[in-house]
1. What list of ³J(HN,Hα) couplings, whole Hz, do you get for segment B:374-384 from phi and the Karplus terms 6.51, -1.76, 1.60, once you set θ to phi - 60° and write x for glycine and proline?
2. What dipole magnitude, in Debye to the nearest 20, does chain A give about its Cα centre under +1 on Lys/Arg Cβ and -1 on Asp/Glu Cβ?
3. Once you've got the GNM for chain A with C-alpha springs shorter than 10 Å, pick whichever of A:Val33, A:Val83, A:Val110 has the biggest mean-square fluctuation.
4. Take peptide A:36-43, look around each residue's Cβ out to 10 angstrom, count Cβ atoms belonging to other protein chains, and average those counts.
5. Considering amide H positions built from the backbone, and no H for Pro or chain starts, which residues 5 or more places from B:Ile97, or on another chain, come under 5 Å of its amide H?
6. Amide H to amide H under 5 Å from B:Phe339: which residues, 5+ apart in sequence or cross-chain, H placed 1.01 Å off N in plane?
7. Enter the mean projected area of the convex hull around the alpha-carbon atoms of segment B:285-397, in nm², rounded to one decimal.
8. Could you tell me which residue out of B:Thr145, B:Cys293, B:Pro365 lies farthest along the dipole of the protein assembly as shown toward its positive end? Charges go on the beta carbon: Lys and Arg +1, Asp and Glu -1, centred on the Cα centre.
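Any read-out appearing in this document is the output of simple, stated calculations on the displayed coordinates, not a laboratory observation. Note that the coordinates shown come from a computational prediction; the quantities given were computed from them, not determined experimentally. We place every Cβ from the backbone using ideal geometry, glycine too, and count neighbours over all the protein chains shown.
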Amino acid sequence: LRKSSTCIGCVLLVSITEQLAQVHNSSIQEAMVLLCSYLPSEPNLSGICALLIELFGSDLIKLLNYKLNGDIVCHALKLCNNVPGEPICHLYQTPKGGLKRAFKEAEKIVMQSNTVMKNADVISDVF
Amino acid sequence: LKLCSLPILRSICETMESSVPLEDFDHDNFSFFPTLRGYHWRGRDCNDMDKSVYPGKRPKDWDALEDSNCNGIWGFDPEDGIPYEKKFCDGTDAKGIIIIGDSAAAHFHIPMQWLSAINMSKETFADLPLALSNELDWPQFSLYTGFQNATIGGWTKSLYLQLRKWNRCNHRDYQNIARNGGSSHNVYQYVESLARNQELDKPVVVFYAMVGNDVCNSNQDTLKYMTTPQEMKSNVLTTLEYLDSRLPNGSHVVLVQLADGRFLWDSIHDRYHPIGQLNKNVKYKHVYNFLSCLKINPCEGWMTENETLRNLTTERADQLSSVLSEIASSYKFKHFKVFYFDNLYQKVTVEWSKLGREPWELIEPVDGFHPSQIASAVGAEIIWKEALLKWPELFGKENAHNKEITAKFADQGGH
């Protein structure tokens, strides 16, 4: 349940961030800051949001600049898991070339970053 | 679970677990604090330092000196010395309303604006802390116990408000004992939070409305995990026996039929979900396929592309409803009579379509699964009208003194 909630929470947040950037014709970084500014400071939701930017912001910006959707971004950030032998869960339409290929390409983008591996457990707790 | 082990959150988690108010100084299960199972869920306590003062109580000495039942009627008429509570409420069939139910009864709702980038602003999330401390439920606007004007679209028309209008002596006498995920199986975990003293309090009308969770679960072999008719009978009878030990004489219990959830999929599967509205790329069927894949679909039986499975789920729901109907017609209890209310949401759909409106407007837009604010308001009106015709004793007589009460006590202290 916890892993599933983390995955769906991630896909929703990434989708909203992406759409905010689209609506305001702004960068992903600006959209993230904007979203956090909308959240109430009591009970410190804006603080948690800022923490998420701190932990994942740079990777998220890299991935979303490639116009990748929430499914692919959250798999690349290890917040959605593939269980071997089970279908890959996704909200959006499968991209051309298939999901596995898209995941591999996205993983390459964040490969040089070690924040993903360090922070996946922390982020899972936050969600 | 991890979060609940933090000392600061422990008491909040315990509140959610037990379904009693967190802020309740006199431990009478009524509170002056709105959320965390406070007065959004049960009538506001007018004296949280005195355990003998709470909504629903039979007035002490006709409330000549203080408002012991928090209905805002107290004192005495200086002209004849008769207490107002005696003058206006004696012999008027005053009673309260209690709902024992699930997330539909607690009015689960996630605001659509939270997922929509268009028009998102600081105001969008202003209600977030309140919603979280009410478990994402909005009982203050709900079908059974709503009392505030809805701020989430639609309007509020609840059975409590109707019952209060019918007899102003019923002011604040409501309890919402409903919980997300509530079913005939787990109701024992929270029905004990019901606050009614058999000797000291007024009778009540209790609605038992578990409209889906006995057939809804997240398991992929979902049919195997649904409540069987035998289990249903045993579970409901156990709850009714418990109520017989708690409810004052002259009470009533209304068992509400399970919903036919096929209506949900039929109405929304091909419509865009709020997260997909901007780019027209995510429909409800995609959301539910995603949830099923993650094994967190709240209702594998109804929220699925598999029509056969949807029909089988309805078949089981009908069997469970037959059990409720049979109990209502053939079992007798010492302190209350039992009635059975059928086809609530089918009636709501018919009423709504008569107005030329669309069925999807009756469904919560974010989850695609719960009745919307509109469905709740229309449902309250349907139950009220039908009950008055079929069971005139259920809500009692209209109070002839309502106008006098309003003239003397105005909003009776509000809610």
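1. Computed from phi, the couplings for segment B:374-384 are 5, 4, 5, 5, 5, x, 4, 5, 5, 4, 4 Hz.
2. Numbers: 11 positive and 11 negative charges, 104 e Å.
Dipole magnitude for chain A comes out near 500 debye.
3. A:Val83
4. Details: counts 0, 2, 9, 4, 8, 1, 2, 4.
Going residue by residue through A:36-43 and averaging, the value is 4.
5. Result for B:Ile97 returns B:Tyr174, B:Gln175, B:Val205.
6. For B:Phe339, the qualifying residues are B:Val253, B:Val254, B:Leu255.
7. Values: hull surface 38.5 nm².
Averaged projected hull area, Cα only: 9.6 nm².
8. The residue sitting farthest along the positive end of the dipole is B:Cys293.
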